[in-house]
Amino acid sequence: MKRILTTRLIRDVAASVLMLSSNLMFAQSASPTLHRIQPLSLEQVRVNDQFWSPKLKVWDSKTVYDVFDKLEGKYEPDRKDLIDEKAKLGRTRNAFLNFDWVAQGKKNTGEHDGPPWYDGLVYETIRGAADLLVEYPDPKLEQKIDGYIDRIAAAQAADPDGYINTYTTLVKPNQRWGTNGGDDKWQHDIYNAGMLIEAAVHYYKATGKTKLLDVATTFSNYIYQQIGPAPKANVIPGHGGPEEAILKLYWLFRDEPALKAKMSVPVNENHYYTMARFWIENRGNYGEKDGSHARKSDESYNQDHMSVFKQKTIEGHAVRATLLATGVAATALENKDERYVETANNYWDNMIGKRMFITGGEGAIADGERFGANHFLPESAYLESCAAIGAAFFSQRMNELEADGKYIDELERVLYNNLLSSVSLDGSHYFYENPLVATDHKRWAWHSCPCCPPMLLKMVSAMPGFIYAYDKDAVYVNLFIGSEATIDRKDSKVHIRQMTQYPWKGESIIEVDPSASKAFTVKVRIPGWAHSLENPFGLYRSQVSEPVSLKVNGKAIAVHIQNGYASLHRTWKKGDRIELSLPIQPRVITPNDSIQTIKGKVALAAGPIVYGFEGVDNPELTTYALPVDTSLQLTYKPGLLNGVNVITGKATDKSSKAVTFTAIPFYTFGNRGVYPYKVWLPKQ
Ligand SMILES: [Zn+2]
């Protein structure tokens with residue numbers, strides 16, 4: 001704690017000196033919400049990128065409709081459990097029927113479609129769709145969502161308290177929040193509430209419409225009335241996520257106080273902030289010994305086995321853990337409480353330094369969908385899509401908190417690998433698990449627990465806001481994605497335009513256009529892999545031979561990397577142009593010796609993309625070994641897998657004969673049929 005305090009103090013002092021000296025550019029209108037680094041709102045960014053734009057188009061025009069349709073039961077099951085269920089029910093499960101049943105006054109019928117968290121998945125999809133609407137306005141989609149919101153609001157209206165969780169109402173009405181012998185880890189009352197709140201905030205920001213926000217606010221008030229210190233119920237979320245969600249509701253009303261008048265219930269936003277902290281700080285607090293204010297829980301599964309502040313490693317169900325960690329980091333942005341800052345750092349360092357897979361995957365163990373022990377990183381690990389995406393949201397918040405590019409390195413690792421693999425190139429089939437080796441791994445149309453597609457939509461729709469950031473003194477270029485953004489402050493405006501063919505080429509051009517010439521800093525993230533720092537803790541190692549190069553207006557600049565960024569401080573004027581070149585030549589990754597399960601193996605990467613070997617290209621791949629000194633060629637194949645770089649080279653087969661291999665991006669596995677694949681090869 002001491003160390004962090006000291007460095008943070010120095011940083012704060014340095015920042016204030018800078019501010020005082022001359023550069024008041026971004027300080028004038030610094031709002032009280034200003035984080036250490038502030039990402040942009042979606043309205044401020046437009047993506048126009050050769051890699052991401054076609055994908056966003058598929059997700060916007062197809063995937064989001066696909067997920068809503070499937071939540072509505074409009075699909076043909078392709079997995080045995082759902083095929084059997086359809087035969088039994090005479091129809092496919094429909095998440096919206098649950099809302100309709102509750103709206104009709106049904107209670108304790110024992111009948112509920114899908115898992116208890118089905119409400120939450122509807123809300124998460126609305127959140128993702130809302131963010132997509134900002135980038136891609138779509139009246140048809142908006143109308144569809146408005147129809148869903150009417151059904152959600154009708155379900156809430158049937159309850160005099162404004163409580164809404166369709167599973168609990170239909171199946172366990174006397175066990176709200178898992179009380180009276182229930183279990184919120186299963187019922188997901190609080191999780192679903194959190195996802196509702198988040199959907200409402202995002203949908204309001206996208207459309208200005210308040211109906212869902214009214215539902216969420218009404219419910220939040222009821223939650224605050226019911227849950228908290230004695231005599232309220234001692235309840236924490238059975239599934240992390242609501243901590244950050246309700247904090248967003250607090251931020252919204254604090255920053256837009258006029259909005260309160262539009263709600264049908266009184267709003268005291270401080271209650272929502274209090275709730276977020278209660279849900280974080282009361283983990284491991286089961287109440288008094290005499291049984292008063294008690295909660296029956298003691299599990300690391302949902303991070304309730306001890307105080308979060310005493311827990312030094314990231315534990316339990318990986319999605320729950322990463323979303324709780326995101327909430328801790330987000331709350332730290334608000335309260336600057338060193339206990340929060342230290343906890344967030346402890347979790348992140350442990351996750352990235354000892355438990356992360358090379359694709360950004362998290363959660364080694366299928367049983368309980370858990371984080372494994374340090375350095376337990378088996379190739380066949382579980383690696384749920386949601387866990388990697390949760391980790392990516394956590395890394396984004398850590399970047400906001402600590403202003404260090406290493407966090408964006410890990411966000412990026414997820415984006416280009418474990419996240420992209422979770423969806424087929426055609427945008428309608430999904431992976432739940434993303435192991436690094438498989439023989440017959442197949443994406444499904446729909447799953448009995450289809451949590452991953454909504455999580456995918458939440459991240460890809462939020463991503464444009466993560467490309468740039470700013471603080472009092474600097475503009476940050478965090479991701480290399482073709483885009484335009486305007487950082488619009490009271491006294492000045494900076495327009496940024498980025499052109500790139502990343503990740504297939506290493507060059508990016510960044511045009512910086514301030515409305516008037518100003519002295520400030522542009523911080524360009526230099527990914528760790530680009531200077532032979534594959535992982536900040538040495539969990540993986542790699543080397544590149546080409547240097548990073550940076551030019552401003554054609555003039556080479558010495559690259560000094562500090563906290564993951566090259567800082568370019570100058571008086572910026574209209575038409576200034578930064579040229580960045582990152583070495584995307586293929587590289588060989590070796591694991592830390594502590595990782596027993598992949599000892600003596602190597603993997604390939606180029607830029608942010610981790611590669612692997614699929615049977616369709618490499619029929620004998622099970623016998624391959626890779627000579628460490630093999631020469632690797634990177635070739636762009638426009639007609640393959642929607643256009644990818646492939647890595648080719650020589651491997652040896654079982655008789656030590658040289659064979660040509662083709663490696664493709666990990667995320668493209670399974671798009672040409674189902675073949676065996678692997679990421680790590682034995683080193684020869
Ligand atoms: Zn999932």
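The values are calculated or read from the model by the stated rules, or taken from the named source; none is laboratory data. Please read these numbers as outputs of a predicted model, since none were measured by experiment. All Cβ positions, glycine included, derive from the backbone under ideal geometry; neighbour counts span all protein chains shown.
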- For region 373-384, pairs from a residue that is over 19 Å from Tyr301 (Cβ atoms) to a residue that is within 15 Å of the ligand (Cβ to nearest atom), with Cβ under 7 Å and 6 or more apart or across chains, are Glu379/Pro435; Ser380/Pro435
- Item | Search result, residues across region 602-618 that are under 12 Å from Ala651 (Cβ atoms) and either buried (at least 23 other Cβ atoms within 10 Å of the Cβ) or free of Cβ contacts under 8 Å to residues at least 12 places away in the same chain (or both) | Leu604, Phe613, Asn618
- Of Ile358, Ile389, Ile352, which residue is in a helix (DSSP H, G or I), buried (at least 24 other Cβ atoms within 10 Å of the Cβ), β-branched (Val, Ile, Thr) and away from the ligand (no atom under 16 Å from the Cβ)? Ile352
- Query: Restricting the search to region 543-575, which residues are out of contact with any helix residue (DSSP H, G or I) (no Cβ under 6 Å at 6 or more places or on another chain), assigned to a loop (DSSP other than H, G, I, E, B) and touching a residue at least 40 places away in the same chain (Cβ under 8 Å)?
  - Reply: Gln543, Val544, Ser545, Asn563, Lys573, Lys574, Gly575
- Single residue of Glu400, Glu412 found to be surrounded by 24 or more Cβ atoms within 10 Å (Cβ to Cβ), under 12 Å from Phe466 (Cβ atoms), of a type in the set (Asp, Glu) and more than 11 Å from the ligand (Cβ to nearest atom): Glu412
- Task: Output the number of the condition that Asn478 fails; it satisfies all remaining conditions of (1) modelled with pLDDT of 95 or more; (2) out of contact with any helix residue (DSSP H, G or I) (no Cβ under 6 Å at 6 or more places or on another chain); (3) more than 16 Å from the ligand (Cβ to nearest atom).
- Result: (2)
- Query: Does region 524-532 contain any residue that is of a type in the set (Phe, Trp, Tyr) and either closer than 16 Å to Tyr476 by Cα or at pLDDT below 95 (or both)?
  - Reply: no
- Taking Thr630, is it touching a strand residue (DSSP E or B) at 6+ places or on another chain (Cβ under 7 Å) and farther than 21 Å from Ser421 by Cα? yes
- Kindly provide the set of residues from region 430-453 that are of a type in the set (Ser, Thr, Tyr) and either within 23 Å of Met195 (Cα to Cα) or near the ligand (Cβ under 8 Å from one of its atoms) (or both), ordered by number. Tyr430, Tyr432, Ser448
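Residue-wise test of (1) of a type outside the set (Gly, Ala, Ser); (2) buried (at least 24 other Cβ atoms within 10 Å of the Cβ); (3) not in a helix (DSSP H, G or I).
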site: Glu198; (1), (2), (3): yes, yes, no
site: Asp214; (1), (2), (3): yes, no, no
site: Ile223; (1), (2), (3): yes, yes, no
site: Ile236; (1), (2), (3): yes, yes, yes
